[in-house]
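Report on the structure given below.
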Amino acid sequence: MARLIKGFVGAMLMAALAAPAEADEIRHQTEYSVSLGIITIARAAFLTRIEDDHSYKVSGDISSAGLADLVTTISAKTNVTGDIEGGRLRASAYTLYYKSGKKARTYEVRYSNGNIVSTKITPSRKPPENWISVRPGDLRSVLDPISGLIFPASTNPCSQRLPIFDGEMRMDLALSPKGTKDFTTNGFSGKTMVCSVRFTPKAGYKKGRKDIDYLAKSGGMEIWFAKADKANLIAPVYVSIPTQYGTLTIKAVKYAAG
């Protein structure tokens with residue numbers, strides 16, 4: 001479940017593209033809160049840079065907060081670089097450093113034309129029993145967990161099936177329309193497109209994991225997309241994920257040029 005949280009937070013940070021495109025380099029800062037029920041368990045801050053309207057770089061920091069910080073300290077740093085082609089973001093490199101307590105791991109993925117050409121996990125580990133291995137075919141025509149949820153404004157995000165690879169786990173996210181809802185935060189107020197999300201694990205996980213099985217069987221996941229007028233893109237501002245312990249929500253608390 002922790003990897004799913006990191007992936008969704010990473011995807012939401014790209015709402016930073018709402019910054020005005022008036023300079024050679026666009027810089028935008030965004031902030032998010034992650035809550036389990038009414039309890040805040042993590043916070044995130046990200047910086048997005050877009051150069052000459054054709055390349056991008058995102059760096060982010062995620063850390064545990066509130067009561068969760070009393071149980072174990074969790075932190076993550078992520079970076080993704082790539083090109084903007086026809087309004088779509090195409091990653092060339094994605095990295096994630098994740099630390100929980102004293103244990104740390106780094107994920108590195110390289111892309112070419114939408115295909116993964118290399119992936120590395122440091123330190124490496126022996127796959128546990130019942131591990132479903134990622135096959136070569138699973139790494140073709142794959143999206144990273146950050147750029148994969150960003151669309152041109154002319155696209156209907158709620159009619160997409162997204163093949164995502166987060167450095168270890170390969171998953172599909174099938175989106176379908178669920179109406180509209182109002183959303184207000186620092187820097188944005190307006191309608192959002194609400195998509196129901198069906199999560200399907202494909203590979204890179206232990207068969208029989210209760211949290212993954214629970215999410216795959218649940219029909220309650222949602223993503224809300226807001227239009228970034230200046231950048232002419234659609235990006236997530238809210239995610240709701242059902243878990244065995246309650247509903248996990250990831251919410252943009254700042255969606256404005258910094």
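The values are calculated or read from the model by the stated rules, or taken from the named source; none is laboratory data. Since the model is a prediction, treat every value here as computed from it, not as a measurement. Virtual Cβ from ideal backbone geometry, glycine too; neighbours counted across all protein chains shown. Side chains included, ligands, DNA and RNA excluded: accessible areas come from the protein's heavy atoms. Shrake-Rupley method; radii C 1.70, N 1.55, O 1.52, S 1.80 Å.
Structure notes:
- Exclusive hit being in contact with an Asp or Glu (Cβ under 9 Å, 6 or more places away or on another chain) and either open to solvent by 20 Å² or more (accessible area, probe 1.4 Å) or at pLDDT below 65 (or both), set Asp52, Asp69, Asp61: Asp52
- Checking each residue in region 92-138 for being loosely packed, with under 14 Cβ neighbours inside 10 Å, over 15 Å from Tyr205 (Cβ atoms) and in contact with a strand residue (DSSP E or B) (Cβ under 6 Å, 6 or more places away or on another chain) picks out Val117, Ser118, Lys120, Thr122.
- Checklist (1) open to solvent by 30 Å² or more (accessible area, probe 1.4 Å); (2) without any contact (Cβ under 8 Å) to a residue 40 or more places away in the chain; (3) in contact with a strand residue (DSSP E or B) (Cβ under 7 Å, 6 or more places away or on another chain) applied to Lys251, failing item: (2)
- Answer from Gly208, Gly190, Gly167 - the residue that is buried (at least 18 other Cβ atoms within 10 Å of the Cβ) and either in contact (Cβ under 8 Å) with a residue 24 or more places away in the chain or part of a loop (DSSP other than H, G, I, E, B) (or both): Gly167
- Restricting region 212-244 to residues that are modelled with pLDDT of 90 or more and over 17 Å from the mean Cα position of the chain (by Cα), the residue that is least open to solvent (accessible area, probe 1.4 Å): Ala216
- Enumeration of residues in region 92-140 that are among the aliphatic types (A, V, I, L, M), free of Cβ contacts under 8 Å to residues at least 60 places away in the same chain and in contact with a Lys or Arg (Cβ under 9 Å, 6 or more places away or on another chain): Ala93, Val109, Ile116, Val117, Ile121, Leu139
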